[in-house]
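Reviewing the structure listed below.
The values are calculated or read from the model by the stated rules, or taken from the named source; none is laboratory data. Predicted model, so just to flag it, every value in this text is computed and none were measured. Glycine gets a Cβ as well: all are built from the backbone with ideal geometry, and neighbour counts include every protein chain shown. Heavy atoms of the whole protein, side chains included, go into the accessibility calculation; ligands, DNA and RNA do not. Shrake-Rupley method; radii C 1.70, N 1.55, O 1.52, S 1.80 Å.
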Amino acid sequence: MEESKQVLGKVFREYRERSGYSQWRLSVVTQVHPRNIQKIEKGLLQPGVMLVVRLVSATGSNVGFFFADLAKDAGLMRQEIMPRVWQEVEEEETWRECKCLFGPFFRQIRIANQITQQTISEAAGYTLRNILNTEKGRQEPAVMTALSMVATTGVDIGIFFNRLACMQNKFEKDKQKLNNG
């Protein structure tokens, strides 16, 4: 676990620095305390997957490239994963009430690729109960757990996380419209 936090910190810092953002600027833009950004970069904190999506999006970096690089550096991108075909999924109205969009989106991908929750559990080291709660949108997995779950499905990691970031941005904009209108 410690090693995966170190890999996350290294890749995240590279992306933040490449974007020209300081830790302070990123904290102001995302309303995340600068100490948390420092802890992520030092490998002391592994945040939830949606926070990382938000942080990487805020820098203007490509979320899919970030997660693909993270998977590569973490040794999760294996040769046999790459040939699998990406499955298009439908956005569901019920996703809007979820605590975390990752789970319902992931569930459709898992089912489309005919992978059992047991397989995901064993590969990601995540209990079946946690997978069930995640897929229902009740629970947000840590970023490296989410990455391992997606890698197990065999879908393109970059495409998966880009779609997830787009859906998150859309839902945040829709929420703002409802609050303002």
Taking the Cα centre of the chain as origin, sum charge times position over the Cβ atoms of Lys and Arg (+1) and Asp and Glu (-1), and report the length of that vector in debye to the nearest 20. 560
Going highest first, how would you order 167-179, 12-24, 61-73 by mean Cβ packing within 10 Å? 61-73, 12-24, 167-179
Quick one: which of 25-32, 40-47 comes out on top by average Cβ neighbours within 10 Å, and what's the full order, highest first? 40-47, 25-32
What distance in nm lies between label points placed 7 Å from Cα along the C-beta direction at ASP73 and ARG129? 3.4
Could you give me D for region 118-165, from Stokes-Einstein at 20 °C and 1.002 mPa s, where the hydrodynamic radius is the Kirkwood radius over C-alpha pairs? Units µm² s⁻¹, please. 196
Taking just the alpha-carbon atoms of region 95-181, what radius of gyration and Dmax come out, in angstrom? 13.5, 46
For region 1-72, the spread of Cα positions along each principal axis, largest first, Å: 29, 23, 20
Under 15 Å from a point placed 7 Å out from the Cα of ASN113 along the Cα-to-Cβ direction: which residues of region 160-179 have their backbone N that close? 160-164
The chain accessible area per residue, 1.4 Å probe, protein heavy atoms, integer Å², reads 53
Looking only at lysines whose Cα falls under 16 Å of LYS72's and that sit 8 or more positions away or on another chain, we get LYS5, LYS10
Average Cα contact separation per residue, the chain, under 8 Å, 6 or more apart, as relative contact order %: 27
Roughly speaking, to the nearest percent, how much of the chain's 1.4 Å accessible area is carbon and sulfur? 49
Short to long, in 10 Å steps from zero, the percent of alpha-carbon pairs of the chain per bin is 10, 38, 37, 14, 1
